[in-house]
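Here's the structure, in C-alpha cells; my notes come after.
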Amino acid sequence: MSNVAPNDPAAARGTSRRTQSDIYRAGISGERPAVPIDAAALQSAAQAALTPEAYAYVAGGAGAEVTMAANRAAFDRWQVWPRPLRDVSSRDLSVEFLGRTRPTPLLLAPLGVMELAHPEADLAVARAAASAGVPYTVSNQASFPLERIAQSAPGAPRLFQLYWSASDELNASLLARAEASGCEAIVVTLDTHLLGWRTRDLDLAYLPFTRGMGIAQYTSDPVFQKLVRQRASAPFGDSPAVRVTPKTIAAGVSIARRGAALTGSRSLRGNLRSPLPRAAVETFLDVFSTPTLTWDDLAKAREWTSLPIILKGIVHPDDAERAADAGADGVWISNHGGRQIDRSVPTLDVLPEISERIGGRMPVIFDSGVRGGADAAIALALGADLVALGRPYAYGLGIAGERGVREVIRNVLAELDITLGLAGLTSVADLDRDALRAV
C-alpha cells in the first residue's frame, strides 16, 4: 500500500518519483524498506534469512556457475546513453502482450518450491504480482495447486508453466486445469529434459522434491493421483535402502504433511501410515520431464489447450526461428538462470539476433541475469518485448514475504522508469539500440 499523501505531486510523476516519495516519507518516521534495494545486498540478506539448503537451491547454478556469471557480464558490455534537455515529465511503461495492454513490460518468471523461502510461497507471490499488475507465471513445481493460487489473487494476470512430463495424459490434465483456472497462456519449459548438474544442491545432498516439496500441482491432479494409486498397489521392487537417521524421519514427516491431497486426511499419523505420500514422490521422480521430447511432440499441446503457447528455454537463433515457423505464440529466451548448462551462451548476447529474426512475428520474452531496472532497459533496447524477473523476487519473499516481493517489483519498475527518463525517452516502445553504447 502506498504511503504517498493524497496531494503529493510525486504521485503524478511516474512510478520512480512515487517510489522515492514513499521511501523518503516513511524514513522521516524511522521506517526503512523491508528489503534492501541494492541487488547484492538483497541477495546477502536472503542468504541470512534462508536455510543453507533453501539458499543453495534458489541461488545456485550449474557446475562452476560460469553461466550465471556470464549472464551478468553480458550486461556490462552495454551502456545507456544519458540524453538531457528533453521533456520526459510523462513516461509510459505500458506494452501490448497477448492482446492486452499491460502497465509494464515486466513478468515474474516461474520459480518452483517457493515454500523453501516462505510458508505462503506462491500465494504471496501471486498477491504481490497482482498488486503491481505484473503477470505471474505459475510454476509447474509450485507449492500450492494452481487453483488455490488463482483464488489468492482473483482476476490477476497469470500464465502457467508446463514441464513436459513423461505422461501425456498428465500433461493434458495440467493444461486443462490451467485454462479452467483463468491462465492466459501456457509456457512450455524446454531446457529441463535433463536435470542440470547443480553443485550446491549436490554438495548438500538436497533435492526438495524427495521431501515431497514443490509437487502440489501433481498431487492435486486427478491423473497423477491415479498414477500414484497404481504405484502404491503394486509390489515394491528392489529399491535402494535408505539408512534410517533423524533426517530420514524428518523427510518422512515432510512427505506425510504434504500428503493430504492424496489420502484425504489431515492427520499426520494417518498420512505417515499411508503408502500414498511416499508413492507420490516416487511417481513424480519417474514422470517429471522427459529426454525424448522433440519438436514433433509440441504439436500435441495444441490438442490439449486453446491457450497461446510460449516456448521457454530458447537460446539458439535457429531454434527461435523454428519456433516461429512452427506457429508458437511467443519465444522466451532463457538459459534457466544458469541452472542447467554451465558455460552456456549468455542470453543477452543472442537477444539481438533472435529479435531481428522473429521480432514482430511474436512476443520475445527475455530472462537470465536481470537484477534491476537498468538491466531491464538494456534488454528491452536490444529487442525484448517483455522482461522476466526471477531470483530477486525469491530473495524478497524469503526476507519479507509478500511485502518483500512487492517491494522488489516496485524497485525494479522504479529504476526502469528512471533509466527511461534519463535516457531522454518517454515510452518503453522508444527503447532501441540508439539508446545504448556497446563497450
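Would you say Arg357 is in contact with an Asp or Glu (Cβ under 6 Å, 6 or more places away or on another chain) and either without any contact (Cβ under 8 Å) to a residue 60 or more places away in the chain or part of a helix (DSSP H, G or I) (or both)?
yes
Please find, within the stretch 26-80, the residue that is nearest to Gly404 (Cα to Cα) out of those that are small (Gly, Ala, Ser) and in a loop (DSSP other than H, G, I, E, B).
Of all residues in the stretch 26-80, those small (Gly, Ala, Ser) come to 26-27, 29-30, 34, 39-41, 44-46, 48-49, 54, 56, 59-64, 69-70, 73-74.
Going one step further and asking which of them are in a loop (DSSP other than H, G, I, E, B), we end up with 29-30, 34, 60-61, 63-64.
On the way: Ser29: 20, Gly30: 18, Ala34: 6, Gly60: 20, Gly61: 23, Gly63: 30, Ala64: 29 Å.
My answer is Ala34.
Quick test for you: out of Gly112, Gly99, pick the one residue that is on the phi > 0 side of the Ramachandran plot and modelled with pLDDT of 95 or more.
Values: Gly112 fails: on the phi > 0 side of the Ramachandran plot.
Exactly one residue qualifies, and that residue is Gly99.
All conditions but one from (1) touching a Cys at 6+ places or on another chain (Cβ under 6 Å); (2) open to solvent by 10 Å² or more (accessible area, probe 1.4 Å) apply to Phe160; the one that does not is (2).
Inside the stretch 196-230, residues that are open to solvent by 30 Å² or more (accessible area, probe 1.4 Å) and either in contact (Cβ under 8 Å) with a residue 12 or more places away in the chain or under 16 Å from Thr51 (Cα atoms) (or both) make up a count of 16.
Here is a yes/no grid of residues against (1) buried (at least 22 other Cβ atoms within 10 Å of the Cβ); (2) over 12 Å from Ile409 (Cα atoms):
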position	(1), (2)
Ser368	yes, yes
Ala374	no, yes
Ala388	yes, no
Tyr393	yes, no
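Within the stretch 250-273, the set of residues being without any contact (Cβ under 8 Å) to a residue 40 or more places away in the chain and of a type in the set (S, T, N, Q) comprises Thr263, Ser265, Ser267, Asn271.
Out of the residues in the stretch 336-349 meeting the condition of being in a helix (DSSP H, G or I) and open to solvent by 20 Å² or more (accessible area, probe 1.4 Å), tell me which one is nearest to Leu436 (Cα to Cα). Explain how you work it out, then say what you get.
Step one: filter the stretch 336-349 for residues in a helix (DSSP H, G or I), giving 336-338, 347-349.
After this cut, where a residue has to be open to solvent by 20 Å² or more (accessible area, probe 1.4 Å) as well, the list is 336, 349.
On the way: His336: 26, Asp349: 14 Å.
That would be Asp349.
Scanning the stretch 291-316 for residues that are part of a loop (DSSP other than H, G, I, E, B) and in contact with a helix residue (DSSP H, G or I) (Cβ under 9 Å, 6 or more places away or on another chain) yields Thr305, Ser306, Leu307, Val315, His316.
Considering only the stretch 325-334, I want to know if a residue exists there that is of a type outside the set (Gly, Ala, Ser), surrounded by fewer than 23 Cβ atoms within 10 Å (Cβ to Cβ) and under 15 Å from Gln161 (Cα atoms). If you could, list the steps in order and put the result at the bottom.
Initial filter on the stretch 325-334 (of a type outside the set (Gly, Ala, Ser)): 325, 329, 331-333.
Within this subset, residues satisfying the condition of being surrounded by fewer than 23 Cβ atoms within 10 Å (Cβ to Cβ) are 325, 329.
After this cut, where a residue has to be under 15 Å from Gln161 (Cα atoms) as well, the list is 329.
Yes, the conditions are met somewhere in the stretch 325-334.
Out of Leu268, Leu285, Leu272, one residue alone is at pLDDT below 95, open to solvent by 50 Å² or more (accessible area, probe 1.4 Å) and closer than 24 Å to Gly338 by Cα. It is Leu285. Being open to solvent by less than 10 Å² (accessible area, probe 1.4 Å) and either among the aliphatic types (A, V, I, L, M) or without any contact (Cβ under 8 Å) to a residue 24 or more places away in the chain (or both) is the filter here; which residues of the stretch 163-181 pass it? Passing the criteria: Leu170, Leu174, Leu175, Ala178.
Could you list, in sequence order, the residues of the stretch 395-410 that are of a type outside the set (Asp, Glu) and open to solvent by 20 Å² or more (accessible area, probe 1.4 Å)?
Taking the stretch 395-410 first, the residues of a type outside the set (Asp, Glu) are 395-401, 403-406, 408-410.
Once the filter is applied, which keeps residues that are of a type outside the set (Asp, Glu) and open to solvent by 20 Å² or more (accessible area, probe 1.4 Å), the stretch 395-410 yields Ile399, Ala400, Arg403, Arg406, Arg410.
Within the set Ala299, Ala279, the sole residue that is open to solvent by 40 Å² or more (accessible area, probe 1.4 Å), more than 22 Å from the chain's Cα centre (by Cα) and more than 19 Å from Val364 (Cβ to Cβ) turns out to be Ala299. Comparison of Ser344, Ser355, Ser368 shows that the only residue that is among the polar types (S, T, N, Q) and over 16 Å from Gly313 (Cβ atoms) is Ser355. For Asp122, the criteria (1) under 14 Å from Ser181 (Cα atoms); (2) among the charged types (D, E, K, R); (3) open to solvent by less than 30 Å² (accessible area, probe 1.4 Å) hold in every case but one, which is (1).
The values are calculated or read from the model by the stated rules, or taken from the named source; none is laboratory data. The structure presented is a predicted model; accordingly, all values stated were derived computationally and were not measured. Using ideal geometry, Cβ is built from the backbone for each residue, glycine included, and neighbour counts are taken over all protein chains shown. The area values use the complete protein model at the heavy-atom level, side chains included, leaving out ligands, DNA and RNA. Shrake-Rupley method; radii C 1.70, N 1.55, O 1.52, S 1.80 Å.
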